[in-house]
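The values are calculated or read from the model by the stated rules, or taken from the named source; none is laboratory data. All values derive from a computational prediction rather than experimental measurement. Cβ: placed from backbone, ideal geometry, glycine included. Neighbour counts: every protein chain shown.
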Amino acid sequence: MVVTTITNHEFGKMVQAAAAKLTAQADYINSLNVFPVPDGDTGTNMSMSMASGAKYERDATATAVGDLANALAKGLLMGARGNSGVILSQIFRGFAKGCEGAESLDAKAFVDAYANGAKTAYKAVMKPTEGTILTVVRESAQAGLNVVKNGEDDLAIVLQEIVTAADLALQKTPELLPVLKEVGVVDSGGQGLVTVLHGFLEALTGQVVEDTLPDAATLDEMVNVNHRQSAQGKLNPEDIKYGYCTQMMVRIGRGNTVTKKFDYDTFYNYLADLGDSLLVINDDEIVKVHVHTEQPDKVLGWGLQFGDLQTVKIDNMRWQQESIMEHDQEPAQQSAPAAKPADQPQFETAVIAVASGNGIQELFKSLGVTHVISGGQTMNPSIEDLVKAVNESGAKQAIILPNNGNIFMAADQAAQVADIPTKVVHAKTIAQGMSSLLEYNPEATLEANQTAMEANLANVKSGEVTVAVRDTTIEGQTIKEGDYMGIVDGKITNTAPEIEDAAAQMVVGMLDEDSEIVTILYGQDGTKEAAERISKAIEDVDDEVEVQIYEGDQPVYPYLISVE
């Protein structure tokens, strides 16, 4: 079958087939994660990104391929999740630019557009790394250029050459990235692109594509499933023991009310008797407090003895819960977005953090975050999610805290297209995000806050404890499925059969002579009792370090531990 032209009909079939194949292969692509952890999400991110692009293309009314390619690129951009999804969106942004205005594509036009996509993707990455999706797109594009240069005009043959070259480039990725070779996998992002190209070829040549693309309702469910797991709607307001969420920022030693010299233990212990969910973080100049209490007046009065109050926020959580329950009980047909109440807080600067787990989200809010996007590992928010949070914040400017390196590119793209000036503080972990907020100053400029907050990222070490999902050898360590691993700043440092041993070994290795505070966040698969035993092991090694324990409620990682 000779194919000399791609019309809107063929192009639509190619896009939909590629999206369907990515959806079907998402779990396999996830399994190619280098680390044997239960949070591989490249396949999920790429499939959801491509599904968004396919929806935009499917809904477009244009008949010119150039216009449909532009719709695909826009949908991919807005739906892009994770670095792999963003890079995929850049490939097709370049593709769309390369065929702009075209009614249809012949072999040369298709290859030129695809090659332009490869160039665009490389430019989008600050430090391009070979052995990744970038290698696959570059080498496959070059193969297409070569075959067309030799006079081939059958698109089926040209695309077959592109796919063959992509397959070969993918198989070479372990030779270019030693960590892939050590673990015995190919690059997951490269595998995602190969899957897309195979979908293109199958659709163009009339092969039967058994994979089915999720419909709009299923896609929405994929996007929202991790955002509806809270039991908050079932909580009886009368069961809330401490009803006032009280937050304050005290300028230590400032003002006319100072009667005490600040001592962390003294300050903390008094507040601990007034409620729960206590968080106290300080530097030399300020102390930030979050506590659930029945006596907010005593909290504020205590703070005034150490300095003046820079900010104060008190919320009646029982009233808030009543409102949530009333909203949940409304009929579905009455669930259209309501107008914002006139007394809704307005912010000069919106501070938007990405985080999973009710406890961690609450901690971020206590540190000055104004908006939290539910997400993180295994559920990276899309560019559209981030843009929507910024644009609907009601603020004049915004700061985004990704708290995950795989969200950096999406956050950077969102900052570029948002309606208000937006900066990204490139926190790779929850601990870095929290540490950066100590330098946030609501009175400072956007640029000054970004600089100060990013400078504080290096002051904290971030540790994660999770279970190995397969046998592997990486960085010289042999890891058995079911073992627990300590991961410090992205590097596996230790393993142990028992989770508490793995956590204790990890954090002891993180300590040095400058360490002052260790923070343990226990997640859905962790317990406070185990966290206290880990704390005891830490104190046995260094009895001068202060250990703080909070319920984070995060998925995937039973314990997140930071050292400052």
(request) Could you please find all residues in the range 107-137 being surrounded by fewer than 21 Cβ atoms within 10 Å (Cβ to Cβ) and either touching a Leu at 6+ places or on another chain (Cβ under 6 Å) or part of a helix (DSSP H, G or I) (or both)? (result) LYS108, ALA109, ASP112, ASN116, LYS119, TYR122, LYS123, ALA124, PRO128, GLU130
(request) Test VAL86 against the stated conditions and say whether it is touching a residue at least 40 places away in the same chain (Cβ under 8 Å), surrounded by 24 or more Cβ atoms within 10 Å (Cβ to Cβ) and under 30 Å from ASN150 (Cα atoms). (result) no
(message) With touching a Gly at 6+ places or on another chain (Cβ under 6 Å), small (Gly, Ala, Ser) and free of Cβ contacts under 8 Å to residues at least 40 places away in the same chain as the only criterion, which of ALA455, ALA427 stands out?
(response) ALA427
(request) State whether the residues of the range 526-541 include one that is in contact with a helix residue (DSSP H, G or I) (Cβ under 6 Å, 6 or more places away or on another chain), over 18 Å from ASN459 (Cβ atoms), among the charged types (D, E, K, R) and without any contact (Cβ under 8 Å) to a residue 60 or more places away in the chain. (result) yes
(message) So, ALA24, is that one in contact (Cβ under 8 Å) with a residue 24 or more places away in the chain, buried (at least 24 other Cβ atoms within 10 Å of the Cβ) and of a type in the set (A, V, I, L, M, F, W, C) or not?
(response) no
(request) Name the one entry in ALA398, ALA350, ALA355 that is out of contact with any Ser or Thr (no Cβ under 6 Å at 6 or more places or on another chain) and within 22 Å of SER435 (Cα to Cα). (result) ALA355
(request) Identify, from the list ARG93, ARG81, the residue that is within 30 Å of ASN146 (Cα to Cα), among the basic types (Lys, Arg) and buried (at least 21 other Cβ atoms within 10 Å of the Cβ). (result) ARG93
(request) May I ask you to verify whether ASN30 is surrounded by fewer than 24 Cβ atoms within 10 Å (Cβ to Cβ), over 17 Å from LEU197 (Cα atoms), modelled with pLDDT of 90 or more and not acidic (Asp, Glu)? (result) no
(message) Here are the criteria: (1) within 30 Å of ALA504 (Cα to Cα); (2) aliphatic (A, V, I, L, M); (3) modelled with pLDDT of 90 or more. Tell me which single one ILE373 does not satisfy.
(response) (1)
(request) Just give me the residues in the range 149-187 being over 20 Å from LEU134 (Cα atoms), in contact (Cβ under 8 Å) with a residue 12 or more places away in the chain and either of a type in the set (S, T, N, Q) or assigned to a loop (DSSP other than H, G, I, E, B) (or both), in sequence order. (result) GLU152, ASP153, ASP154
(message) If SER104 satisfies all but one of (1) at pLDDT below 95; (2) over 26 Å from GLU464 (Cα atoms), what's the number of the condition it fails?
(response) (1)
(request) Check whether at least one residue in the range 182-189 is buried (at least 18 other Cβ atoms within 10 Å of the Cβ), aliphatic (A, V, I, L, M), closer than 19 Å to VAL3 by Cβ and touching a Ser or Thr at 6+ places or on another chain (Cβ under 7 Å), and report yes or no. (result) no
